[in-house]
Amino acid sequence: MEQEKKKTIADKIWDFLASVKLAIVIFALIAITSIIGTILEQRGDPANNLQILTRLFGESLAPTLFSISEKLGFMDMYHSWWFTGFLVLFSVNLIICSIDRLPRIWKLIHEPIGPLPAEKIRKFAVGKEFTIRGKPDSAKDSVVFALRKAGFHAGEVKEEQGYSFFAQQGKYSRLGVFITHFSILFILIGALIGIRFGFKAHLNLPEGAVSAAAFSGNGREIRFGFEIRCDTFHVDFYGNSDMPKEYRSWLTVFKNGREVLRKSITVNDPLTYEGITFYQSSYGIVPGSLNQGIFIFNTVSKDGKSTTINPRLGDSFDIPGTGISAKIIDFSPALRVDEHGHAVTYANQMNNPAVLIEFSESGKNTFSGWLLKRHPETWQLPNGSRVEFLDYWGVEFTGLQVRKDPGVWIVYFGCIAMSIGLFIAFFMSHPRLWVTLVEEKNTTRVMIGATTNKNRSALERRVDKIVSILGKQQEGDK
Amino acid sequence: MAYITAMMTYIAYLAFRKSQIGIMATTITVAGLVSQTFAIILRWKEFADLSGMGFLRSAPMTNLYESLVFFVWCLILGYLIIEFRFKNRSFGAFVTPIAGLVLAFIDLSGVSKDIQPLVPALKSNWLLAHVTMSFIAYAAFSLSFSTGIMYLILRTEKRTEPSYIFWTVTLGLFALLLVSMGLDFLTFHVRVRPEIFIHNYLFRTSFLHPSAAVKIVSYILGAAGLLIVWRYGYLLRTVLTKFNVTPDMLDEVTYKSIAVGFPIFTLGGLIFGAIWADQAWGVYWSWDPKETWSLITWLIYAFYLHARMIRGWRGKKVAIVAVVGFTAVIFTYLGVNLLLSGLHSYGSQ
């Protein structure tokens, strides 16, 4: 108690920062503010948030609340100074709390286990007391055997009236909590490194285009130190629906003008070069490019001769092996026939690319029709030859999420450590057990006492097992 | 499909709960579980054949319907483990109704049961690990919720006690929500996507009825309902005491469910989720509503564990935290998908 009085202000601050109370308060603060953060749109359109507030609190209160929450940074709260402050306080709390407790736990781990007097053994919550036949000297072996069967490798000491045994297990499991706590710090440090030394940016790269930089959220240009080119981009749909099944970009990386890497990426399969990772995130049509692209056709004549040709909109071409020439009249990225039978474009995405071609033979128009990329049956011409519509290249862009995060490995390390730490903390325990044998008129009094930091029922079962093995051996000895 | 059978099983179990034929109840529950297992495997195989993506990638947990079914499966399995471990069937009377209610919700609401194709972001090996483990954790948390509520029911005596008020209001609100939603379903007879339902129909028969009179009446009725639960809540205690459960046991089951759920949730829900997000979106943590709510849930359960282990809180206080934790789970799982928007909105389709 005397120590209490001597506490200086520094001690008090230390105790405050090490307290679980503080941890609980921080948990609550982070949780409550995060709830607000999920309701208000983060980094979104302020008008939306005003609308949300109006719906929740009514017209009269909304503008006031809006200006308050805007001033406090609730519209971008995860980047606000006070949220960062919570996280810093949380880390400080974790570190100081660990430093505060570690020596005590460390002592508990390294304290060698030794014999205990009978009256102490009796005090343990888990325990048994009974007598077995024979003097301690003869009973000793069966006790050792029973202990070993229950999984305890006990130390042994000879005493005046008998023997004393003591055992412990999993003493290092007490460190699980610390591993978990430190892993959180690792994750936070990794995140910090990622924010400080990494970047997050976006790049819309048209087919055929080369870029050496991407743009971050605030419009800043970030140079890669190499160049990346989108060779081509392709979307696969489910059946006849417009639901994308997979989209894939073929990318090539150039360093100092030389090709160094070529890879196709999809949503769950990014490309990484020199620490910079390119993720497939979106796609679309480059504005104003719809009449600029290059068609990739494969013409197949009746006798099976195939030729690849690359015309543009408005171009004419001959189908080799036939006398047919063709002229490209129109293109639609998403063709649909409406209720009046007119061909209309229904989306500004390449959902159903279609090309209108006029075919003529020896100067006379013979046939014109839409060729659909997703419907090979439209490729067939009346005279038996075929125009395969493979792609309209150069009009789509691939939306790439570009990221460099040197801290991610520290975060992952923290995650692994956290998994291990939690496993140890929740599923491993540190049981300790003492047994004394005391001679009592040619029989032996056995006293078992045990304690554990977790999972008492399992320890109770093990003690019961020791008792039952000893009981069985007694019957066997009869 | 086996769900009808499973539902009948739970109702049958409820009917039997007072009689001595507990073994029969267990058998029926096990039979329900087995048939549901087969149904899930069948759907899995069908999906794998349809998508041609290989077995591991086509786990049937990609939309609200499938995930709810899987949740029920985990819950029943978890309950059976507890029944086996603690040799006590009384929890069944509280756990199986949850399962039954969820199944009834699936059946009544317009949740689409079709096998739907996957959007590209979901095509990953992480799907199986992330979703399975999240739901095992959710099931563990809902067990802790049931035992936590039971604990509160058993341990509160005075009507003016804050914890008594807490559990009656919580339970009352749950019941109120279900009743008013049930009314909506009965009035409108609609089968639409859940988010459309919420925007256009939810509570339109009661709290959001176009006519002001009905609105007021519903609010009064709602308040009256809460008052009734509060007034007669002690009756539940008398019912509960007839079952062979002790508060200590309930406290232990609550703790153990959370002790199992928490690490699984951390690893499967948060860590695997972060790794997957890193691969698919290029950010391991983006503060989208789903992620944030998982973090909130995680914090509440971390709060529970610290309060219990270090501060030595026992009994009513921690039971309340466990109950609050589960409301956060429900919101993480359903509320975020249905009410808030974000990257994670697959489940609502």
Virtual paramagnetic centre 7 Å along Cα→Cβ of residue A:468, amide N under 18 Å, in the range A:134-174: A:143, A:145-152
Leading residue at positive end of dipole, the protein assembly as shown (Cβ point charges), from A:429, A:349, B:331: A:429
For the range A:2-108, alpha-carbon Rg and Dmax in angstrom: 19.7, 62
Spatially proximal lysines relative to residue A:7 (Cα-Cα < 20 Å; intrachain offsets below 8 disregarded): A:21
In degrees, nearest ten, helix A:62-71 long axis to first principal axis of chain A (Cα): 70 degrees
Coarse-grained scattering of the range A:337-478 at q = 0.13, 0.18 Å⁻¹, given as base-10 log I(q)/I(0) from a Debye sum over alpha-carbon atoms: -0.86, -1.14
Most to least packed among A:152-159, B:97-104 [average Cβ atoms within 10 Å]: B:97-104, A:152-159
Principal axis dimensions, the range A:294-394 - Cα atoms, whole angstrom, descending: 37, 29, 23
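Taking the highest mean first, how do the peptides A:345-352, A:250-257, A:401-408 order by number of other beta carbon atoms within 10 angstrom per residue? Working shown, then result.
Details: A:345-352: 16.9, A:250-257: 14.9, A:401-408: 21.4.
Highest-to-lowest ranking by the protection proxy: A:401-408, A:345-352, A:250-257.
What size of dipole, in debye to the nearest 20, comes out for chain A about its Cα centre when the only charges are +1 on Lys and Arg C-beta atoms and -1 on Asp and Glu C-beta atoms? Spell out each step's value before the answer.
Numbers: 55 positive and 47 negative charges, 531 e Å.
The calculated dipole for chain A is roughly 2560 debye.
Assuming 0.36 nm per residue, please report the length gained on full extension of the stretch residue A:309 to residue A:213 beyond their Cα-Cα distance.
Values: separation 96, 0.36 × 96 = 34.56 nm, distance 3.31 nm.
Gain in length upon complete extension: 31.2 nm.
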About the Cα centre, charge dipole magnitude for the range B:231-278 (Lys/Arg +1, Asp/Glu -1 at Cβ), debye: 360 debye
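Counting only C-alpha contacts under 8 Å and six or more residues apart, can you give the relative contact order of the range A:2-108 as a whole percent? Walk me through the numbers on the way to the answer.
On the way: 60 pairs, mean separation 41.6, N = 107.
Relative CO of the range A:2-108 lands at 39 percent.
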Anchor residue A:263: lysines whose Cα lies under 17 Å away (excluding residues fewer than 8 positions away in-chain): A:255
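Note down the relative contact order for chain A as a percent, whole number, built from C-alpha pairs under 8 angstrom at least six residues apart. Working shown, then result.
Working: 862 pairs, mean separation 100.4, N = 478.
After rounding, I find 21 percent.
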0 to 90° range, to nearest 10: angle between helix A:46-57 axis and chain A longest Cα axis: 50 degrees
Size of electric dipole in the protein assembly as shown: Cβ of Lys, Arg +1 and of Asp, Glu -1, about Cα centre, debye, nearest 20: 3440 debye
Gap separating the Cα centres of the range A:159-189 and the range B:245-285, nearest whole Å: 23 Å
Signed unit charges on C-beta, dipole axis of the range A:2-108, positive-most listed residue A:29, A:103, A:40: A:103
Degrees, to the nearest 10: A:20-39 long Cα axis against longest axis of chain A: 20 degrees
For the protein assembly as shown, projected area of the alpha-carbon convex hull averaged over all directions, nm²: 50.2 nm²
All aspartates and glutamates inside 20 Å of residue A:364 as judged from Cα atoms, apart from same-chain residues fewer than 8 positions distant: A:315, A:318, A:330
Listed residue (A:114, A:397, A:414) projecting farthest to the positive dipole end of the protein assembly as shown, Cβ model: A:114
Residue-by-residue Karplus 3J(HN,Hα) for the range B:142-151, coefficients 6.51, -1.76, 1.60, Hz, glycine and proline x: 6, 4, 5, 5, 4, 5, x, 4, 4, 4
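Distance cut-off 23 Å, Cα to Cα: go down the list A:302/A:373; A:135/A:472; B:123/B:290; B:87/B:256; A:454/B:158 and report the pairs above it.
Going by Cα-Cα distance, A:454/B:158 fall outside the 23 Å limit.
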Surface/4 estimate of mean projected area, convex hull on alpha-carbon atoms of chain A, nm²: 43.5 nm²
Average partner coverage of B:270-277, which counts Cβ from other chains inside 10 Å: 3
For the protein assembly as shown, calculated [θ]222 nm from helices alone, where every DSSP H run of n ≥ 4 adds -39500 (n - 2.57): -17000 deg cm²/dmol
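FYI, it's all coordinate maths here, none of it is from the lab. Note that the structure is a prediction, hence the values are computed from the model and not measured. So basically every Cβ, Gly included, is an ideal-geometry build from the backbone, and we count neighbours across all protein chains shown.
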